[in-house]
1. For the chain, just the Cα atoms, rotate onto the principal axes and tell me the three extents in Å, largest first.
2. Based on alpha-carbon atoms only, what is the radius of gyration of region 140-272 relative to the globular estimate 2.2 N^0.38 Å?
3. Do the sum for the chain: with -39,500 (n - 2.57) for every DSSP H run of n ≥ 4, divided by all residues, what is the mean residue ellipticity at 222 nm, to the nearest 500 deg cm²/dmol?
4. How many nm is it between the label spots at Asp104 and Asp88, if each spot is 7 Å from the Cα in line with the beta carbon?
5. For a quick check of your reading of the filter: which GluC sites (Glu not before Pro) in region 215-314 sit in a DSSP loop and have no more than 14 other Cβ atoms within 10 Å?
6. Starting from the Cα of Glu224, step 7 Å along the direction of its Cβ; do the same at Glu264; then give the gap between the two resulting points in nm.
7. First measure r as the distance between the Cβ atoms of Glu116 and Gln314, then evaluate 1/(1 + (r/R0)^6) with R0 = 35 Å and state the FRET efficiency to the nearest 0.05.
8. Find how many whole Å separate the alpha carbon centroid of region 60-119 from the alpha carbon centroid of region 1-55.
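Just so you know, all these numbers are worked out from the coordinates, no wet-lab data involved. Not measured: the values here are computed from a predicted model. With ideal geometry, Cβ positions are generated from the backbone for all residues, glycine too; neighbour counts draw on all protein chains shown.
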Amino acid sequence: MTAPDTAVLRVAGRPVGRYVTRPELPARLSPRPYLHPVTTLAGTAVTELTPADHLHHLGVGVAVPDVEGFNFWGGRTYVEGRGPTELDNHGVQRHAGFQLRDPDGFVEELRWVVREGSENSANSRISESSQTLGSSRVLESSRTSGSSGRELLRERRTVAATELTDTAWALDFTFSLTNPGPAPLTIGSPATNGRPGAAYGGFFWRARKESSPPDVFTPDAEGETEVHGTRADWLALAGAGWTLVFAGATDLTRRDPWFVRTAEYPGVGSSLASAERLAIPPAETAVRRIVTVVADGRLGRDEATALVRKAVSQ
């Protein structure tokens, strides 16, 4: 039996992912819903949860290190001139309910909230460039969610699992972030705050760590150094007996560069804020859609291309 705060994704009757909506985690990890474990059709795990190297990495989900200075990624906050710094500025993504819940997917409503009183710590990290945004940096008092905290964003998350072949399936993950307040809101990253090469924030998949780093490649490049920070129609991460192929499924999503780590840890994300902060005006919505092929075995470029085309077109 599935608990009311979890959802199990199934493909052809086989469980391939467990979605936890209300994780019991320390505030420092920026608690948020996540998918873990995610497996291939043969049952090989391809995600990790709270690994020792980065406790705030939570399987598959959406994580953003800077929403108006608040940390929805977890861990330390990058402060220009100070480096990674411990701040009391962590937010929480709260599950508000399922609009749809089927064996092969769901539609979920979430609220991104911060604890009252934590804003002073967040404001201490804003760089000079972001302070020029003036009033848009001020969190209006109308963005409240009662005693539960202050609401910065509302999200609708749509997740679906589909079978591709006997050895591969696809995870279709769409998230829509809406600014509910009367003032503009911006999303940043360590890169936009002064740390080159660290444009993480958005969709993020923490993959399974093995004895040797996975291979990573795109249609025309390979290796972490060559693919990190680039734009490509798809990007593949291949481990000992599995391959993940990530693809932006909309024009806007494909404009976001890939954030890639293999040597330090295996992880892939799509960067919402790489060169500049992403602005979301009042009542406006930022939408991204990532489709990920989850396959048994190690795929080559031709196989990856064919499966991605099939997955995105479904």
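1. Extents along the principal axes, in whole Å: 53, 44, 36.
2. Details: Rg = 17.3 Å, N = 133, 2.2 N^0.38 = 14.1 Å.
In units of the 2.2 N^0.38 Å rule of thumb, it is 1.23.
3. Value at 222 nm, helices only: -2000 deg cm²/dmol.
4. Label at Asp104, label at Asp88, 4.9 nm between them.
5. Details: sites: Glu222, Glu224, Glu226, Glu264, Glu276, Glu284, Glu303; in loops: Glu264, Glu276, Glu284.
For GluC sites (Glu not before Pro) across region 215-314 that sit outside H, G, I, E and B with at most 14 neighbouring Cβ atoms in 10 Å, the list reads Glu264, Glu276, Glu284.
6. The two pseudo-label positions are separated by 0.8 nm.
7. Details: r = 44 Å, r/R0 = 1.25.
Calculated transfer efficiency: 0.20.
8. Answer, in whole Å: 17.
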